[in-house]
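Worksheet: the structure to be examined is printed underneath.
The values are calculated or read from the model by the stated rules, or taken from the named source; none is laboratory data. Being a predicted model, the structure only gives us computed values, none of them experimental. Reconstructed Cβ throughout: ideal geometry from the backbone, glycine too, with neighbour counts over all protein chains shown. Note: areas computed on protein heavy atoms with side chains; ligands, DNA, RNA excluded. Shrake-Rupley method; radii C 1.70, N 1.55, O 1.52, S 1.80 Å.
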Amino acid sequence: MRPALDLLAQVGDLPDGPVIDLGCGNGAVATALAERFPGHPRIGVDASPAMLAKAAESGLYHVICEADIAAWVPPEPAALIYSNAALHWLPDHAALMPRLAARLAPGGVLAVQMPRQYGQPSHRFLRDIAAAMFPGRFDLADWQPPVAPAADYWAMLEPLGEVTAWETDYIQPLPADDDAHPVRRFTESTAMRPFLDRMDQVEARSFTRAYDEALASAYPLRPDGSALMPFRRTFFTLRR
């Protein structure tokens with residue numbers, strides 16, 4: 001929750017209009033939004049019915065909307081469009097972010113946080129090892145950085161209003177695991193999955209072993225077997 005709350009702390013006062021939790025997932029930020037903006041109608045938007053069912057259980061959204069967050073349009077100009085760790089799944093940010101900004105009321109805020117771990121060892125090693133072990137199989141053009149540096153979003157949005165943009169490395173302590181390097185356990189269901197899906201079982205075992213060995217050099221194990229992983233996130237706010 002810390003990145004979500006760090007983003008929310010930079011929002012400031014809002015004009016009239018709904019508060020949109022874009023890519024709300026299971027409603028993890030619903031309580032914080034309700035406490036911060038109790039007088040605004042709150043709308044949770046997500047494409048996952050299962051996640052939305054959990055979000056609805058909080059009772060903190062006035063409206064729950066199942067929709068593609070890339071195309072959804074609020075029913076009226078928004079006081080806040082807030083998106084925590086969701087928009088990195090969407091392409092063409094140069095078109096997406098101004099389009100979202102256009103849905104704001106005058107004085108409204110677009111507030112976005114996205115992980116930017118693409119160039120860090122946890123993610124870079126996956127591409128490097130796959131290219132070395134399986135020449136020609138992986139078109140690494142398929143793995144372009146989904147999130148730009150914070151300065152790019154500042155330049156993109158500055159013509160539309162008042163922008164702040166920044167990046168933060170959060171140090172994540174990852175617990176010991178008898179069967180995997182802690183960072184591999186962290187990435188295996190997300191960043192690692194597209195690689196494993198293109199391998200048979202024998203290849204996947206060899207690839208995983210090589211990845212564990214590389215991770216051990218970049219993220220040394222602590223005496224208790226845990227590891228510390230810096231995780232980079234990009235933030236920006238735009239007040240229209």
Handout entry: Selected residue (only one of ARG103, ARG99, ARG124, ARG116 is under 25 Å from PRO182 (Cα atoms), basic (Lys, Arg) and open to solvent by 60 Å² or more (accessible area, probe 1.4 Å))
Key = ARG124
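Matching residues to (1) open to solvent by 20 Å² or more (accessible area, probe 1.4 Å); (2) of a type in the set (Lys, Arg):
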site: GLY108; (1), (2): no, no
site: ARG137; (1), (2): yes, yes
site: PRO146; (1), (2): yes, no
site: TRP154; (1), (2): yes, no
site: GLU167; (1), (2): yes, no
site: ASP177; (1), (2): yes, no
site: ALA180; (1), (2): no, no
site: PHE186; (1), (2): yes, no
Fill in the blank from the handout: Taking the stretch 184-216 and keeping only residues that are charged (D, E, K, R), assigned to a helix (DSSP H, G or I) and in contact with a Lys or Arg (Cβ under 9 Å, 6 or more places away or on another chain), one is left with ASP212
Practice task
Scan the stretch 158-184 for residues that are touching an Asp or Glu at 6+ places or on another chain (Cβ under 8 Å) and farther than 16 Å from PRO3 by Cβ and jot them down.
Solution key: ALA176, ALA180, HIS181, ARG184
Fill in the blank from the handout: Taking the stretch 1-29 and keeping only residues that are under 25 Å from ARG232 (Cβ atoms), in a loop (DSSP other than H, G, I, E, B), in contact (Cβ under 8 Å) with a residue 60 or more places away in the chain and not hydrophobic (A, V, I, L, M, F, W, C), one is left with GLN10, GLY12, GLY23, GLY25
Exercise for the section: Say whether the condition of being touching a strand residue (DSSP E or B) at 6+ places or on another chain (Cβ under 8 Å), surrounded by fewer than 14 Cβ atoms within 10 Å (Cβ to Cβ) and touching a residue at least 12 places away in the same chain (Cβ under 8 Å) is met by at least one residue in the stretch 43-57. Expected result: yes
Practice task
Kindly list, by first and then second residue, each pair from a residue in the stretch 134-155 that is modelled with pLDDT under 95 to a residue that is outside any helix (DSSP H, G or I) and not acidic (Asp, Glu), limited to pairs with Cβ atoms under 6 Å and residues at least 6 apart or on different chains.
Solution key: PRO145/TYR118; VAL147/MET114; VAL147/ARG116; VAL147/THR234
Practice task
Could you look through the stretch 30-49, keep only residues that are over 21 Å from MET97 (Cα atoms) and part of a loop (DSSP other than H, G, I, E, B), and pick out the one that is nearest to the chain's Cα centre (by Cα)?
Solution key: SER48
Exercise for the section: Please determine, by comparing only the residues of the stretch 180-200 that are among the charged types (D, E, K, R) and touching a helix residue (DSSP H, G or I) at 6+ places or on another chain (Cβ under 8 Å), which one is modelled with the highest pLDDT. Expected result: ARG184
Exercise for the section: Could you list, in sequence order, all residues of the stretch 214-240 that are free of Cβ contacts under 8 Å to residues at least 60 places away in the same chain and farther than 13 Å from PRO175 by Cα? Expected result: ALA216, SER217
Exercise for the section: Report whether or not ALA150 is under 30 Å from GLY108 (Cα atoms) and surrounded by 17 or more Cβ atoms within 10 Å (Cβ to Cβ). Expected result: yes
Exercise for the section: With the condition kept exactly as written, say whether any residue in the stretch 147-158 is among the aromatic types (Phe, Trp, Tyr), under 17 Å from ASP128 (Cα atoms) and not in a strand (DSSP E or B). Expected result: no
